[in-house]
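**Q** Got a structure here, written out as C-alpha cells. Questions coming.
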Amino acid sequence: MTAAEVVKAIQGHFGDAVLATKEHLGEHTVDVNLDRLHAVMRWCRDELRFDYLVDVSSLDHLGEEPRFEMVYELYGYSHGQHLRIKAKVSEDQGVPTVSDLWPTADWHEREVYDMMGITFDGHPDLRRILMWDGYPFYPLRKDFPLEGKPSEMPDVAFTGVAPLEGGPFVTCAGGQDTIAREPRAKRV
C-alpha cells in the first residue's frame, strides 16, 4: 500500500472528518476534525498498520482561530510508509490523548503540554516534563518573549560567563565566514 492509497483509504472511511489532504515531495498529510482525531488514529494503527508513532508536535498560529495545530508523524514498519496527521485546536480545547494507542505518546504529549499549554484529555499523567512545577508560562508559544520572563527562581543556576566560552567546541557567532565560525578553526 502506498502513502497515496493510505490517504484515499482514510478519506473513504472517515468522509467529511477529513478536512484536507496534501502531498509535497512525496510526504502525505491528512488534516482531520479534532472530534474524530482519536478514531482516525486508532484506525491508522489497527487497520492501516501504522505501528510506530514517530513524533507528536504542535504549531502556534498566533492571531488565527483555532490558534494551535497538533501534528502526528506515523510510520508503518510492515509497509514502509510515512503519514502525517494534523488537527486544529482552539486555545480552550483539550486534545484526545493517543497514549492509549501508542505508549510513547505519553512523553510527547507531556512536552507539548509543557511548552505550548495544550491539554490532553484522558492522559494518564499530564504534568510538566521540562519546566518546573508551578511555572506559569508556555515557552514555545509565539507570544512568549525571546528574552524570557522574570522568574522567582534563585540565580544559582546562572553564571556571568558561559562555562565553555572560548573553548574548542564553541562556534564564533558572526565570524567572517563559515570556516572561521567552525570550532575546529580555533585549534592552534
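Read the figures in this text as sums done on the coordinates, not as results from a lab. Every value quoted in this text rests on a predicted model; they were computed, and no experiment measured them. Here Cβ is always computed from backbone atoms with ideal geometry, including for glycine, and neighbour counts include all displayed protein chains.
**Q** With labels modelled as points extended 7 Å from the Cα through the Cβ direction, what inter-label distance (nm, one decimal) is found for GLU23 paired with ASP121?
**A** Result for the modelled spin labels: 3.4 nm.
**Q** Using the Cα centre of segment 3-147 as the reference point, and only Cβ charges (+1 on K/R, -1 on D/E), how large is the resulting charge dipole? Debye, rounded to the nearest 20. Don't skip to the end; give the middle numbers.
**A** Values: 15 positive and 27 negative charges, 54 e Å.
Dipole size: approximately 260 debye.
**Q** For segment 91-105, take each phi angle, set θ = phi - 60°, evaluate the Karplus expression 6.51 cos²θ - 1.76 cosθ + 1.60, and give the result in whole Hz per residue in order, putting x for glycine and proline.
**A** Values per residue, Gly and Pro as x: 4, 9, 9, x, 9, x, 5, 10, 5, 6, 8, 10, x, 5, 5 Hz.
**Q** Counting only residues 5 or more places away or on other chains, whose amide H sits under 5 Å from the amide H of ASP55 once H atoms are built in the peptide plane?
**A** The list, which skips near neighbours in sequence, is GLU73.
**Q** Okay, next question. Give the long-range amide H neighbours of HIS28: residues separated by 5 or more places, or on another chain, with amide H under 5 Å away, using H modelled in the peptide plane at 1.01 Å from N.
**A** Long-range HN contacts for HIS28: ARG84.
**Q** Compute the Rg to Rh ratio over segment 3-147 from the alpha carbon atoms, using the Kirkwood formula for Rh, and round to two decimal places.
**A** Values: Rg = 15.4 Å, Rh = 15.8 Å.
Reported Rg/Rh (Cα atoms, Kirkwood Rh): 0.98.
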